[in-house]
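Engineer: Sharing a structure with you now.
The values are calculated or read from the model by the stated rules, or taken from the named source; none is laboratory data. Bear in mind the structure is a predicted one, so any value in this text is a computation, not a measurement. In this analysis, Cβ positions are derived from the backbone assuming ideal geometry, glycine residues included, and neighbour counts consider all displayed protein chains.
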Amino acid sequence: MSSNLPEADLSCPVCCDIFRDPVLLSCSHSFCRGCLQRCWEVSRTRDCPVCRRRASRKSPPRNLALKNLCEAFLQGRREAAAPVAGVGAVCSLHGQALKLFCTDDQLPICPSCQASNVHKEHHCRPAEAVARDHKDKLRAVLQKLKDKLETFSKLRVTAAVTLDHIKCQAQLTEKRIRAQFLELHQFLREEEEARVSTLKEEETQKVLALKERDRDLMGRTASLVDAIGRTEREMATADATLLQNFRCTMERAQKSLLDPEGFCGSLIDEAKHLSNLKFHVWVKMQGIAPYSAVTLNPNTAHPCLSLSDDLTCVRYTSPSEPPLRHPPSNPERFRFSAEVLGSSPMDGAAHTWEVELNGSEDWIVGVASASVRRDAEVAARPENGFWTLCLRDGAYRAMTSPPRVLAVDRRLQRLTVRLDWEAGLVSFSRSSDGRVLHVFTSTFTEKVLPYFYTQSDRFLKIVPKPVVISVKENQPLDP
């Protein structure tokens with residue numbers, strides 16, 4: 001029935017559109033709640049916009065019957081416009097095609113909506129033109145979403161590769177740990193056998209010496225018993241005979257009165273075998289367990305580099321040589337150049353380490369800032385966070401800006417690197433005679449790490465340092 005009512009009877013006198021949330025004044029006139037509130041805000045009086053009669057309530061009641069009629073009218077209009085809806089969206093108020101777009105309200109509208117008081121003062125554009133602009137924006141956003149999806153997909157692939165690498169790392173590291181402990185166990189077993197053998201040898205010598213002395217004592221005991229018997233017999237002879245043989249009897253008795261030697265030094269020397277036993281074994285163990293002040297970090301090594309099991313040697317692996325495994329492209333790893341960093345960041349106190357060059361013809365050695373770029377190939381110079389010395393094309397160079405050729409009179413076998421972080425000094429010297437080759441001066445603002453580069457199949461080796469033992473007097477032992 002509501003669909004047969006004229007649209008004017010269901011339109012708000014203020015906005016001229018179908019009522020939205022209609023309210024009823026005491027004068028029997030109805031308005032949209034929003035339209036009435038705006039009128040009252042402008043006039044600052046609660047008068048009816050039609051008859052100017054004073055409203056009795058500040059918040060007029062909802063006209064529920066009119067609201068239901070308007071909803072039924074709009075529903076009938078939508079149903080009547082259903083065939084048009086198959087062609088395109090239509091206005092829910094007027095049943096017309098949404099050919100315009102209100103840029104102020106960001107809503108598609110029909111021509112009747114544009115003519116109404118709601119959108120009369122608004123800027124409107126053809127919906128087709130606005131849709132093209134929006135499609136261009138959506139197309140750009142869609143491309144970004146696709147790029148992001150591709151990034152996520154690559155990250156998932158990297159995560160899968162990383163997961164496999166972690167498992168390989170764990171297995172290989174466990175194998176290396178067990179191999180090193182096996183070497184230690186073998187050393188301890190051999191040391192144990194050697195020390196037990198020495199003990200057994202001493203035991204045999206002591207037993208043989210004691211048995212030899214016991215045999216000597218048995219002989220001397222028999223001689224003493226014989227001397228006692230002969231002396232007793234001489235004492236039982238006649239006085240004249242006793243006097244005649246007295247001198248000889250006394251000489252024999254005096255020889256038998258010599259005291260036997262004691263058993264000093266006959267026991268096992270336990271102190272020799274047990275005194276500081278573990279410490280002496282530990283000191284001797286330094287031969288198979290050297291200490292290195294610098295070790296390498298495999299997670300930073302370029303895939304073409306090969307590191308030793310104890311992480312103190314690095315060499316270049318040629319492309320024809322199959323790698324043991326393909327490491328993932330993690331952020332810490334150098335991806336464009338054959339570089340690797342040390343495992344422990346350095347600052348504060350001075351640090352010194354030696355590198356055995358082993359005849360390598362292509363290397364760079366020094367220190368690098370912890371934040372150096374690893375996803376791009378950059379020159380190993382101070383402005384990029386590197387303080388290094390290199391050998392390339394037969395010439396030694398300090399990697400300053402520009403690089404400076406060094407006058408080196410004979411081939412370097414070992415290179416000593418010294419870092420004084422607080423003083424801002426990095427010096428390089430020849431290990432054989434201590435001659436300083438170059439000194440960098442800088443102001444370090446972050447921790448640095450030992451740095452190595454090589455494209456040679458010969459190992460660069462970090463030389464182990466001797467361990468100096470010092471004893472702290474009057475210091476309690478840790479529990």
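Engineer: Hey, can you tell me all the residues within the stretch 438-462 that are of a type in the set (A, V, I, L, M) and either within 23 Å of Val405 (Cβ to Cβ) or under 22 Å from the mean Cα position of the chain (by Cα) (or both)?
Structural biologist: Of everything in the stretch 438-462, those that are of a type in the set (A, V, I, L, M) and either within 23 Å of Val405 (Cβ to Cβ) or under 22 Å from the mean Cα position of the chain (by Cα) (or both) turn out to be Val439, Val448, Leu449, Leu460.
Engineer: I've got another one for you. I'd like the full set of residues that are among the basic types (Lys, Arg) and within 14 Å of Val439 (Cβ to Cβ), limited to the stretch 393-422.
Structural biologist: Arg404, Arg418
Engineer: Continuing with this model, one more query. Quick one: Ser11 ticks every box in (1) hydroxyl-bearing (Ser, Thr, Tyr); (2) without any contact (Cβ under 8 Å) to a residue 12 or more places away in the chain; (3) loosely packed, with under 13 Cβ neighbours inside 10 Å bar one, so which box is it?
Structural biologist: Only one criterion in (1) hydroxyl-bearing (Ser, Thr, Tyr); (2) without any contact (Cβ under 8 Å) to a residue 12 or more places away in the chain; (3) loosely packed, with under 13 Cβ neighbours inside 10 Å is unmet by Ser11, namely (3).
Engineer: Condition test on Glu356, is it surrounded by fewer than 20 Cβ atoms within 10 Å (Cβ to Cβ) and modelled with pLDDT of 95 or more?
Structural biologist: yes
Engineer: Take the conditions small (Gly, Ala, Ser) and more than 28 Å from the chain's Cα centre (by Cα) and apply them to Ala395. Does it pass?
Structural biologist: yes
Engineer: Which numbered condition trips up Asn330, out of (1) under 20 Å from the mean Cα position of the chain (by Cα); (2) part of a strand (DSSP E or B)?
Structural biologist: All conditions pass for Asn330, except number (2).
Engineer: Does Ala380 fit the bill of being without any contact (Cβ under 8 Å) to a residue 12 or more places away in the chain and either assigned by TED's automatic domain parsing to the domain that holds Ser329 or touching a Leu at 6+ places or on another chain (Cβ under 6 Å) (or both)?
Structural biologist: no
Engineer: Among the residues of the stretch 149-157, is any assigned to a helix (DSSP H, G or I) and either within 20 Å of Asp309 (Cα to Cα) or within 19 Å of the chain's Cα centre (by Cα) (or both)?
Structural biologist: yes
Engineer: Also, quick follow-up: Do you know which residues across the stretch 407-423 are at pLDDT 95 or above and among the polar types (S, T, N, Q)?
Structural biologist: Once the filter is applied, which keeps residues that are at pLDDT 95 or above and among the polar types (S, T, N, Q), the stretch 407-423 yields only Thr416.
Engineer: Out of contact with any helix residue (DSSP H, G or I) (no Cβ under 6 Å at 6 or more places or on another chain), among the polar types (S, T, N, Q), in a loop (DSSP other than H, G, I, E, B) and closer than 20 Å to Arg20 by Cα: does that describe Ser112?
Structural biologist: The answer is no for Ser112.
Engineer: Could you please find all residues in the stretch 11-30 being among the small types (Gly, Ala, Ser) and not in a loop (DSSP other than H, G, I, E, B)?
Structural biologist: If the condition is that a residue be among the small types (Gly, Ala, Ser) and not in a loop (DSSP other than H, G, I, E, B), then Ser11, Ser30 are the ones that fit.
Engineer: Let me ask something else about it. Kindly list, by first and then second residue, each pair from a residue in the stretch 174-201 that is exposed (fewer than 10 other Cβ atoms within 10 Å of the Cβ) to a residue that is part of a helix (DSSP H, G or I) and modelled with pLDDT of 95 or more, limited to pairs with Cβ atoms under 6 Å and residues at least 6 apart or on different chains.
Structural biologist: Cβ pairs passing all conditions: none.
Engineer: Any residue in the stretch 183-193 that is of a type in the set (A, V, I, L, M), at pLDDT below 90 and either over 30 Å from Pro331 (Cα atoms) or under 20 Å from the mean Cα position of the chain (by Cα) (or both)?
Structural biologist: no
Engineer: For the stretch 405-428, name all the residues that are surrounded by 12 or more Cβ atoms within 10 Å (Cβ to Cβ) and within 17 Å of Leu391 (Cα to Cα).
Structural biologist: Of everything in the stretch 405-428, those that are surrounded by 12 or more Cβ atoms within 10 Å (Cβ to Cβ) and within 17 Å of Leu391 (Cα to Cα) turn out to be Leu406, Val408, Leu412, Gln413, Arg414, Leu415, Thr416, Val417, Ser427, Phe428.
Engineer: Another one. It is to be established whether one or more residues within the stretch 249-261 are outside any helix (DSSP H, G or I), in contact with a helix residue (DSSP H, G or I) (Cβ under 8 Å, 6 or more places away or on another chain), surrounded by fewer than 11 Cβ atoms within 10 Å (Cβ to Cβ) and not hydroxyl-bearing (Ser, Thr, Tyr).
Structural biologist: Yes, that holds for at least one residue.
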